[in-house]
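Peer 1: Let me begin by handing over the structure; questions about it come next.
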Amino acid sequence: MGRKESVQKTNAMRELERAHIAFEVITYEVDENDLSGIHVSEQLGEDPGQGFKTLVTVAPSGDHVVCCIPVAEELDLKAAARAARQKSLSMMHVRDLLGTTGYIRGGCSPVGMKKRFLTLIDERCMRYDRIFISGGRRGIQLKLSPSDLIAHTGATVASICRKG
């Protein structure tokens with residue numbers, strides 16, 4: 001089960017607090033050999049459909065698009081490009097993640113990035129009262145209302161996961 005303890009605040013937590021958005025901090029033991037959201041969900045006894053991973057993509061123009069999808073799903077780059085009104089999208093290389101977002105792989109949150117980017121959230125988020133996102137550091141998740149997350153990030157809700 002997730003531990004409840006005092007943790008050093010991350011940019012994501014500070015930003016949500018400034019916006020007066022309610023969230024719960026959940027900590028977990030980091031397994032450097034398995035940073036997958038599925039592993040984290042299993043470790044915490046959560047429904048993997050409720051956990052959302054944050055992926056950063058790049059358009060041909062160089063613009064970045066943040067995509068939040070359930071941890072057990074794969075991003076449909078064509079569907080995401082359509083939702084973002086881009087010709088195409090490709091995954092950002094992991095080496096560029098920290099410099100662009102301020103976050104590292106396994107700790108990337110759609111909240112508190114260095115800069116605001118267009119954000120897409122898969123429509124499955126609306127199936128839940130609360131979802132889990134990265135807290136901005138490995139070992140920290142934030143549990144919050146998907147509606148609050150959508151409103152705060154200005155996200156577009158769309159079907160952006162691969163079918164099948």
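The values are calculated or read from the model by the stated rules, or taken from the named source; none is laboratory data. Here the structure is a predicted model, which is why all the values come from computation and not from measurement. Cβ sites come from the backbone with ideal geometry, for glycine too, and all protein chains shown count toward neighbours.
Peer 1: What is the residue count in the stretch 122-164 for residues that are farther than 20 Å from G102 by Cα and either modelled with pLDDT of 95 or more or touching a Pro at 6+ places or on another chain (Cβ under 7 Å) (or both)?
Peer 2: Within the stretch 122-164, residues that are farther than 20 Å from G102 by Cα and either modelled with pLDDT of 95 or more or touching a Pro at 6+ places or on another chain (Cβ under 7 Å) (or both) number 24.
Peer 1: Looking at the stretch 86-110, which of its residues are of a type in the set (S, T, Y), in contact with a Phe, Trp or Tyr (Cβ under 9 Å, 6 or more places away or on another chain) and assigned to a loop (DSSP other than H, G, I, E, B)?
Peer 2: Narrowing the stretch 86-110 to residues of a type in the set (S, T, Y): 88, 90, 100-101, 103, 109.
When the remaining residues are screened for being in contact with a Phe, Trp or Tyr (Cβ under 9 Å, 6 or more places away or on another chain), the result is 100-101, 109.
Scanning the stretch 86-110 gives a single hit, S109.
Peer 1: Scan the stretch 71-99 residue by residue and report those that are in contact (Cβ under 8 Å) with a residue 12 or more places away in the chain, within 15 Å of the chain's Cα centre (by Cα) and surrounded by fewer than 23 Cβ atoms within 10 Å (Cβ to Cβ).
Peer 2: Of everything in the stretch 71-99, those that are in contact (Cβ under 8 Å) with a residue 12 or more places away in the chain, within 15 Å of the chain's Cα centre (by Cα) and surrounded by fewer than 23 Cβ atoms within 10 Å (Cβ to Cβ) turn out to be V71, A72, E73, E74, L75, M91, M92, L97.
Peer 1: Looking at the stretch 47-67 only, could you name the residues that are within 16 Å of the chain's Cα centre (by Cα), surrounded by fewer than 22 Cβ atoms within 10 Å (Cβ to Cβ) and of a type in the set (D, E, K, R)?
Peer 2: D47, the sole residue that qualifies.
Peer 1: Looking only at strands (runs of 3 or more DSSP E) that fall completely inside the stretch 111-164, which ones have 3 or more residues that are in contact with a Ser or Thr (Cβ under 9 Å, 6 or more places away or on another chain) and closer than 17 Å to I69 by Cβ?
Peer 2: Filter on the stretch 111-164 gives 118-122, 131-134.
Peer 1: Does at least one position in the stretch 47-68 carry a residue that is over 19 Å from G136 (Cβ atoms), without any contact (Cβ under 8 Å) to a residue 24 or more places away in the chain and of a type in the set (G, A, S)?
Peer 2: yes
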